[in-house]
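What follows is a single structure, written as structure tokens, with notes after it.
The values are calculated or read from the model by the stated rules, or taken from the named source; none is laboratory data. Quantities reported herein were computed from a predicted structural model and do not represent experimental measurements. Cβ placement follows ideal geometry from the backbone for every residue including glycine, while neighbour counts extend to all protein chains displayed.
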Amino acid sequence: MANTKPKSKTRSSSTSPRGTPTTILLVRHGQTPTTGKVLPGRAKGLSLADAGRAQAEIAAERIGALKRVDAIYSSPLERAKETAAPIAKACRLRTRVSRGLLECDFGEWTGAELKKLMKLPEWETVQRSPSTFRFPGGESFLEMQTRMVSTLDALRVEHPGGTIVCVSHADTIKAAVAHAMGTHLDLFQRIVISPASVSAIVWSGGGPVVLAVNSTGRPLTELQPS
């Protein structure tokens with residue numbers, strides 16, 4: 001079928017109605033063969049495992065049940081685009097790639113086994129004081145959060161009053177949720193974002209409101225702000 005494109009025109013942040021909310025569904029990519037074992041980061045060529053493809057189909061079914069979805073955005077990495085594909089098909093849209101949704105740049109830690117990283121003295125800082133940590137040769141957590149939040153803010157301005165899907169990664173989604181909840185970055189490791197889970201944020205010029213975090217089964221049609 002032909003692709004469906006959002007009818008709303010792009011508006012600048014200075015003209016977007018302050019009271020017009022945008023619903024953002026943050027979807028983590030599905031499970032891969034290295035999930036929970038390796039820190040893949042931005043390494044290319046990592047696809048979904050069979051379980052991850054099944055998870056993506058479930059996410060697609062849930063999101064496809066919504067009456068309106070205006071756009072599907074994805075991180076450039078294969079595992080994210082493969083998760084976005086069935087969602088886009090269910091919503092009769094094409095996937096748009098956004099580099100702002102990219103995984104954190106783990107630098108020299110990219111591809112390392114988690115069990116080895118956990119033995120490093122720096123691991124305690126990653127878990128307890130991530131706002132102070134920069135990955136060797138890579139991004140800091142603060143830079144990652146700023147990039148992710150800025151990307152979502154720009155996308156909500158492009159789709160005032162609409163609903164968009166953003167397929168990204170665990171840490172980037174955790175950082176966005178922490179920001180939306182007013183939680184300090186040093187506490188963002190307390191947030192769990194499971195493979196193919198959906199977290200929902202309503203975002204307007206007045207700021208974000210969190211509707212759901214790490215939703216994996218509840219019908220999305222039940223989500224609404226109080």
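Only one entry of T163, T221 meets the criterion of being at pLDDT 95 or above and either among the aromatic types (F, W, Y) or under 19 Å from V69 (Cα atoms) (or both), and that entry is T163.
Scanning for something part of a strand (DSSP E or B), without any contact (Cβ under 8 Å) to a residue 40 or more places away in the chain and out of contact with any Gly (no Cβ under 8 Å at 6 or more places or on another chain), does segment 137-152 turn up at least one residue? Within segment 137-152, one or more residues are part of a strand (DSSP E or B), without any contact (Cβ under 8 Å) to a residue 40 or more places away in the chain and out of contact with any Gly (no Cβ under 8 Å at 6 or more places or on another chain).
Yes or no, residue by residue, for (1) under 23 Å from V213 (Cβ atoms); (2) over 16 Å from the mean Cα position of the chain (by Cα); (3) modelled with pLDDT of 95 or more; (4) surrounded by fewer than 19 Cβ atoms within 10 Å (Cβ to Cβ):
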residue	(1), (2), (3), (4)
N3	no, yes, no, yes
P6	no, yes, no, yes
I24	yes, no, yes, no
A43	no, yes, no, yes
I58	yes, yes, yes, yes
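Would you call I164 closer than 23 Å to R96 by Cβ, touching a Leu at 6+ places or on another chain (Cβ under 7 Å), in a helix (DSSP H, G or I) and of a type in the set (A, V, I, L, M)?
When the stated conditions are applied, I164 does not pass them.
Taking the criterion of being outside any loop (DSSP other than H, G, I, E, B) and either touching a helix residue (DSSP H, G or I) at 6+ places or on another chain (Cβ under 9 Å) or buried (at least 17 other Cβ atoms within 10 Å of the Cβ) (or both), the residues of segment 123-136 that qualify are W123, T125, V126, Q127, R128, P130, S131, T132, R134. For the condition of a type in the set (D, E), crowded, with 18+ Cβ neighbours inside 10 Å and at pLDDT 95 or above, E82 qualifies. Scanning segment 171-189 for residues that are closer than 26 Å to S47 by Cα, touching a residue at least 24 places away in the same chain (Cβ under 8 Å) and not aliphatic (A, V, I, L, M) gives D171, T172, Q189.
Condition check: in contact (Cβ under 8 Å) with a residue 12 or more places away in the chain, under 21 Å from A43 (Cα atoms) and out of contact with any Asp or Glu (no Cβ under 7 Å at 6 or more places or on another chain). Does S168 satisfy that? Yes.
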